Amino acid sequence: TDSINQQLDQDATIRLRSACHQQKMMMDWRGLPAERHPREQFKIDLLELAQTFRAKDHDLLIMGDFNEEFDSSTADQLQELADSCDLHDLMALRLEYTNFSTCTRSLSGERRIDFALATSAVVQACTGAGYHTEGYLLQSDHRGLFMDFNTNHLFGNPTYKLDNPILRRL
């Protein structure tokens with residue numbers, strides 16, 4: 001019995017340390033509805049933050065694992081984020097092909113759930129983009145994505161060539 005109780009205590013401790021539980025505690029502290037899922041609250045907070053920056057005429061690049069397809073019927077909040085902040089699917093615009101999976105654990109076949117949403121200025125400054133193959137550089141069930149930018153266009157200054165890491169003693 002002691003080993004069962006000890007195991008239950010360890011499981012409870014793990015649950016209390018989970019990201020979901022921590023987010024629930026923060027939501028409770030903010031007085032938000034207890035029945036709201038943290039993922040739902042994240043989308044609400046992201047939309048509010050993005051709208052605040054856009055109201056100040058800032059350009060944005062929002063990247064992430066959104067766990068939903070951009071053009072699906074379940075992506076209402078993702079579509080609202082894109083529409084209200086004038087964000088575009090940078091990867092779809094640069095690659096011109098989106099019928100592939102970005103997550104190897106996708107149970108429903110080809111699903112692109114990892115996105116880079118950007119304002120027009122950021123899209124125009126993007127000179128190249130792509131997705132890595134699964135497991136390249138990182139151990140993950142998601143494909144890494146990369147983008148190259150014309151920093152002179154984006155930030156008003158050129159990208160300076162760095163010396164080889166060995167010459168920099170790194």
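For the range 71-91, a tally of residues being modelled with pLDDT under 85, not in a helix (DSSP H, G or I) and not β-branched (V, I, T) returns 4. Modelled with pLDDT under 90 and of a type outside the set (K, R): does that describe S101? The answer is yes for S101. Cβ-Cβ contacts under 6 Å between residues 6 or more apart (or on different chains), taken from a first residue in the range 151-170 that is without any contact (Cβ under 8 Å) to a residue 40 or more places away in the chain and surrounded by 10 or more Cβ atoms within 10 Å (Cβ to Cβ) to a second residue that is assigned to a loop (DSSP other than H, G, I, E, B) and not polar (S, T, N, Q), are listed as N152/P158. With the structure loaded, tell me whether G144 is buried (at least 16 other Cβ atoms within 10 Å of the Cβ), among the small types (G, A, S) and either touching a Ser or Thr at 6+ places or on another chain (Cβ under 7 Å) or modelled with pLDDT of 75 or more (or both) or whether it fails that test. So G144 fits the description; yes. In the range 39-83, of all residues being free of Cβ contacts under 8 Å to residues at least 24 places away in the same chain and buried (at least 17 other Cβ atoms within 10 Å of the Cβ), the one that is nearest to H142 (Cα to Cα) corresponds to A75.
Within the range 106-134, track down each residue that is modelled with pLDDT under 80, touching a strand residue (DSSP E or B) at 6+ places or on another chain (Cβ under 9 Å) and under 13 Å from E68 (Cα atoms). R111, R112, I113 - these are the residues of the range 106-134 that are modelled with pLDDT under 80, touching a strand residue (DSSP E or B) at 6+ places or on another chain (Cβ under 9 Å) and under 13 Å from E68 (Cα atoms).
In the range 15-24, of all residues being part of a helix (DSSP H, G or I) and surrounded by 10 or more Cβ atoms within 10 Å (Cβ to Cβ), the one that is modelled with the lowest pLDDT corresponds to R15.
Of everything in the range 28-38 that is more than 18 Å from the chain's Cα centre (by Cα) and open to solvent by less than 60 Å² (accessible area, probe 1.4 Å), the residue that is nearest to I62 (Cα to Cα) is L32.
The values are calculated or read from the model by the stated rules, or taken from the named source; none is laboratory data. Being a predicted model, the structure only gives us computed values, none of them experimental. In this analysis, Cβ positions are derived from the backbone assuming ideal geometry, glycine residues included, and neighbour counts consider all displayed protein chains. Protein only, heavy atoms only, side chains kept; ligands, DNA and RNA dropped before computing areas. Shrake-Rupley method; radii C 1.70, N 1.55, O 1.52, S 1.80 Å.
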